[in-house]
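Please treat every number below as a calculation from the coordinates, not as lab data. Small disclaimer: the values here were computed from a predicted structure and weren't measured. Cβ placement follows ideal geometry from the backbone for every residue including glycine, while neighbour counts extend to all protein chains displayed.
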Amino acid sequence: MNNRRLCILALSLTSLTATAWAASKTVTLKVPGMTCPTCPITVKKALNKVDGVSKVKVRYENKQAVVTFDDAKTDTKALIKATTNAGFPSEEQK
């Protein structure tokens, strides 16, 4: 087998293995800076822009966002960064 084919085979196996380890995770973020009923729109848009996010539910009443994401593509730190960059600092709710 020549080097090019070997490289392609190795890359293919690597991507299949990474996909097998990927899992859907859900995290709840506290977003205390939401001060009006329209704030959740901005928070939701910011979170939906993060690669790997599949579902976002933002509740103004609870000042929280529940986010489902692919943990092979993103993590909680990136979600917190997204809300913070949108003007709504957040933290993981334990």
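Please specify each residue of region 33-59 satisfying the condition of being on the phi < 0 side of the Ramachandran plot and part of a loop (DSSP other than H, G, I, E, B).
Within region 33-59, Gly33, Met34, Thr35, Cys36, Pro37, Thr38, Lys49, Val50, Asp51 qualify.
If you go through region 52-71, how many residues are surrounded by fewer than 15 Cβ atoms within 10 Å (Cβ to Cβ) and under 14 Å from Lys25 (Cβ atoms)?
Of the residues in that region, 4 qualify.
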* Tally time: how many residues in region 72-94 are within 12 Å of Val27 (Cβ to Cβ) and without any contact (Cβ under 8 Å) to a residue 12 or more places away in the chain? -> 3
* Asked: For residues in region 34-71 being of a type in the set (A, V, I, L, M) and out of contact with any helix residue (DSSP H, G or I) (no Cβ under 8 Å at 6 or more places or on another chain), which is nearest to Glu91 (Cα to Cα)?
  -> Val66
